[in-house]
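Below is one structure; the comments refer to it alone.
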Amino acid sequence: MPKLISTAEEFIPANPTLNSLREVAAGCTACDLYKRGTQTVFGEGSRKARVVFVGEQPGDKEDLLGRPFVGPAGQLLDRALELAGIEREETYVTNIVKHFKWEPRGKRRIHKKPNALEIAACRPWFEAEVQVIKPQVVICLGATAAQAVIGRTFKVTQRRGEILHDVAIALAVMATVHPSSILRAPDEEARRDEMTKFVADLKVAAAYIRENVKRAA
Ligand code: URA
Ligand code: SF4
């Protein structure tokens with residue numbers, strides 16, 4: 001009987017390493033998004049990272065460069081990490097969906113939210129990344145990642161910044177807003193305000209890491 005849902009599960013190599021996952025993911029065709037994006041944008045960072053950040057999907061710049069969080073949202077994330085006192089070297093950044101989904105608008109490519117089938121298709125890559133890295137903390141950026149990782153009814157607006165201990169993938173899981181939402185704030189004051197709240201959430205994670213997370217040898 002043909003399978004009703006295709007997922008990346010069938011692509012995951014046995015005894016994966018980050019390198020083998022990255023290589024195989026480059027040829028993933030588990031959902032239709034590979035036809036639209038330029039390339040698979042796999043996660044990036046240390047195999048020994050104790051903290052994994054997971055966003056929604058690569059954006060325009062990420063799609064072209066093949067690296068996660070290198071566009072405007074990534075720059076904002078970098079700045080926020082620095083303000084919160086989280087070292088970039090101790091993190092690994094990735095996305096729950098690894099191809100850029102977009103629609104043309106004039107000459108621009110406009111980001112389009114991935115749907116439930118695409119998220120389900122791609123999630124095995126994220127699960128494999130987490131199994132290899134075994135981070136102690138996972139931080140979900142935005143509702144798409146939070147709902148995929150924590151649960152479909154999870155509300156970031158209500159529970160942002162909380163350390164959750166009841167999510168199986170890591171000792172501690174936190175969700176906060178997506179950095180793109182800060183860039184979309186209506187004016188400069190709102191943007192500053194949102195940035196302050198974002199950094200405050202990351203500081204909660206930073207404190208948790210300082211107090212509870214052992215450094216990799
Ligand atoms: N937004 C994301 O969710 N991920 C990226 O890699 C870039 C922008
Ligand atoms: Fe594979 Fe994910 Fe790309 Fe879909 S979005 S083709 S599941 S890597």
With the dipole of the chain defined by +1 on each Lys or Arg Cβ and -1 on each Asp or Glu Cβ, the option from ASN212, VAL41, VAL51 whose Cα lies farthest towards the positive pole is VAL41
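Can you give me the Kirkwood hydrodynamic radius for the range 107-215, using every pair of distinct Cα atoms, in Å to one decimal?
Details: mean 1/r = 0.0657 Å⁻¹.
Its Kirkwood hydrodynamic radius stands at 15.2 Å.
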Label point distance in nm, LYS35-ALA168, each placed 7 Å from Cα along Cα→Cβ = 3.3
Residue among ASP201, ASP63, ASP193 with the largest mean-square fluctuation in a Gaussian network model of the chain, springs linking Cα atoms under 10 Å | ASP193
Shape of the range 63-131, Cα gyration tensor, a/c cut at 1.5 | oblate
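Contour minus end-to-end for ARG191 and LYS48, with contour as 0.36 nm per residue of separation and end-to-end as the Cα-Cα distance?
Details: separation 143, 0.36 × 143 = 51.48 nm, distance 3.32 nm.
So the chain would gain 48.2 nm between ARG191 and LYS48.
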Pull out the extension gain between ASP78 and ARG152, defined as 0.36 nm times the separation in residues minus the alpha carbon to alpha carbon distance; nm, one decimal.
-> 23.9 nm
Stretch LYS112-LYS61 to full length: gain in nm at 0.36 nm per residue minus the Cα-Cα span?
-> 16.9 nm
For the range 1-114, shape from the Cα gyration tensor axes a ≥ b ≥ c, cut at a/c of 1.5 then a/b versus b/c, turns out oblate
Please sort through the DSSP H helices of the chain and keep those with an alpha-carbon extent of at least 30 Å along the long axis and a Kyte-Doolittle average not below -1.0.
-> 188-212
So for the range 119-204, taking the charge dipole from beta-carbon charges (+1 Lys/Arg, -1 Asp/Glu), which of THR157, ILE169, THR196 sits furthest toward the positive end?
-> ILE169
Gaussian network model of the chain, springs between alpha carbon atoms under 10 Å - residue of PHE126, PHE11, PHE100 with greatest fluctuation | PHE11
Leaving out ligands and nucleic acids, note down the accessible area per residue over the chain with a 1.4 angstrom probe, in whole Å².
-> 53
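Can you bin the chain into rounded, prolate or oblate? Criterion: square roots of the alpha carbon gyration tensor eigenvalues sorted a ≥ b ≥ c, rounded for a/c under 1.5, prolate for a/b above b/c, oblate for the rest. Mind dumping the intermediate values first?
Working: a/c = 1.62, a/b = 1.17, b/c = 1.38.
Because a/c hits 1.5 or more and a/b fails to exceed b/c, the chain counts as oblate.
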In nm, give the distance between the simple-model label positions of GLU23 and GLU9, each being 7 Å from the Cα along the Cα-to-Cβ direction.
-> 2.5
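Jot down the per residue volume, in cubic angstrom and as a whole number, of the convex hull over the alpha-carbon atoms of the range 154-211.
Values: hull volume 4.9 nm³, N = 58.
In the range 154-211, the Cα hull volume divided by residue count equals 84 Å³.
Mind scanning LYS48/LYS107; LYS48/LYS101; LYS35/LYS197; LYS107/LYS203; LYS107/LYS197; LYS107/LYS134 and naming the pairs with a C-alpha gap bigger than 32 Å? Display every interim value, and only then the final one.
Working: LYS48/LYS107 40 Å; LYS48/LYS101 30 Å; LYS35/LYS197 37 Å; LYS107/LYS203 39 Å; LYS107/LYS197 34 Å; LYS107/LYS134 41 Å.
Flagged as over cut-off: LYS48/LYS107; LYS35/LYS197; LYS107/LYS203; LYS107/LYS197; LYS107/LYS134.
The values are calculated or read from the model by the stated rules, or taken from the named source; none is laboratory data. Given the structure is predicted, the values throughout are model-derived calculations rather than measurements. Don't worry about glycine lacking a Cβ; one is built from the backbone with ideal geometry, like all the others, and counts go over all protein chains shown. Surface areas here come from the heavy atoms of the whole protein model, side chains and all, with no ligands, DNA or RNA. Shrake-Rupley method; radii C 1.70, N 1.55, O 1.52, S 1.80 Å.
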